[in-house]
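Worksheet: one structure, shown below.
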Amino acid sequence: MEQEGTHKRRVRYSGKYPKHFQEKYKELNPEKYGETVEHVIQKGSTPAGMHISIMVREILDFLQIQPGQTGFDATLGYGGHTRAMLEQLKGQGHIYATDVDPIESAKTKKRLQEAGFGEDILTIKLQNFCTIDEIAKEAGGFDFILADLGVSSMQIDNPERGFSYKYDGPLDLRLNPETGISAAERLDRISAEELAGMLKENSDEPYAEELALAITSKIRKGQRIDTTGKLYEVIAETLGFIPEKERKDTIKKTCQRVFQALRIDVNNEFEVLYEFMEKLPKTLKPGGRVAILTFHSGEDKLVKKAFKEGMRDGLYMEIARDVVRPSAEECARNGRARSTKMRWAIRA
């Protein structure tokens, strides 16, 4: 019998480099293996369990954060943006941050506390960012707001969360795995018509009807689609008619769209964003600034429309006339930055 406290050897992996998330022990400990992590980043990849913050310079340039101000980070995630904004405060002022993921927000809180950002300057709330009005009352309004609407890399890369077709794991896709229903449970009870509508609305899926029919037919026959691998297989089978030279790329892009559509649905992302955009102007102080990062056309259209309406109604004195994009250098260093669009507004 193994005594308590006995050293356990690390599980060995086959081959030169680890392939599985749990085996990437160096990447999962960035503070201990900085050289390995930097090597992974230099190759244009995101280390396992990490998230590289996007457009930090552009965000800070626009927000113009001053010591003593009060801010709101709608999507805490790995805390990279939060830390950059906290550093601008120079120990004076306060940032409120929200996240619905209890797993990652606890890790981020610990990481930021160890970096010297305690509760005197940072308040983290485990709630949805559409509750911004409640937090603004407590804070007395905000001088600056950031909302990065992307899913964090550490969620995408962890196969236990089911966010990516690249890794086999439970088909979950919930940002907060403790509430609501998983994507697998959602598929259990959906009709082909409703699923096709979801795929079109949430990700502009061109093969929505064919995929919806194939997925619901399998489930009706008692073949539950409860893992990311099973969903990938159905998509690949359904697209078997695509010419061979185009098939691999089409399957990849279709998987990305299907997983995106399911994630948006399971987490009510559009409803949450709509509510947030509606409440947003009243939470900003006069002259207050807001920057929003979007990652697909549905989000961007919603943000653009809300800002235009706010400008027309006299709530904003200025809004971005066009999107701000990450630099070519940033996209080369972080492939996940490529689809990013930033829009901004200044409160009247």
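The values are calculated or read from the model by the stated rules, or taken from the named source; none is laboratory data. Note that the structure is predicted; figures quoted are calculated from it, not measured. With ideal geometry, Cβ positions are generated from the backbone for all residues, glycine too; neighbour counts draw on all protein chains shown. Protein only, heavy atoms only, side chains kept; ligands, DNA and RNA dropped before computing areas. Shrake-Rupley method; radii C 1.70, N 1.55, O 1.52, S 1.80 Å.
In segment 269-296, the residue that is farthest from residue 134 (Cα to Cα) out of those that are surrounded by fewer than 22 Cβ atoms within 10 Å (Cβ to Cβ) and in contact with a Gly (Cβ under 8 Å, 6 or more places away or on another chain) is 295.
Scanning segment 180-191 for residues that are open to solvent by 30 Å² or more (accessible area, probe 1.4 Å) and in contact (Cβ under 8 Å) with a residue 12 or more places away in the chain, we see that the one that is farthest from residue 219 (Cα to Cα) is 180. Selection of first residues in segment 117-136 that are closer than 12 Å to residue 105 by Cβ and of second residues that are charged (D, E, K, R), restricted to Cβ pairs under 7 Å at least 6 apart or on distinct chains, gives the following pairs, ordered by first then second residue: 124/109; 126/99. As a summary of the residue check, residue 195 satisfies the conditions (1) open to solvent by less than 70 Å² (accessible area, probe 1.4 Å); (2) within 27 Å of residue 76 (Cβ to Cβ) except for the one numbered (2). Residues that are open to solvent by 30 Å² or more (accessible area, probe 1.4 Å) and farther than 30 Å from residue 348 by Cβ were ranked within segment 125-157; the one that is nearest to the chain's Cα centre (by Cα) is 156. Residues that are over 22 Å from residue 81 (Cα atoms) and either touching a strand residue (DSSP E or B) at 6+ places or on another chain (Cβ under 7 Å) or of a type in the set (D, E, K, R) (or both) within segment 280-303 comprise 282, 286, 301, listed in sequence order. In a residue-by-residue description of segment 320-331, the property of being under 20 Å from residue 144 (Cα atoms), touching a residue at least 40 places away in the same chain (Cβ under 8 Å), in a strand (DSSP E or B) and open to solvent by 20 Å² or more (accessible area, probe 1.4 Å) applies to at least one position.
Name the helices (runs of 4 or more DSSP H) wholly inside segment 165-278 in which the number of residues that are over 23 Å from residue 148 (Cα atoms) and of a type in the set (Lys, Arg) is 3 or more. Let's see the steps before the verdict.
Numbers: elements: 183-188, 192-203, 208-220, 228-238, 244-266.
Correct list: 244-266.
For segment 78-98, the candidate set comprises residues that are part of a loop (DSSP other than H, G, I, E, B) and closer than 17 Å to residue 147 by Cα; within that set, the residue that is least open to solvent (accessible area, probe 1.4 Å) is 79.
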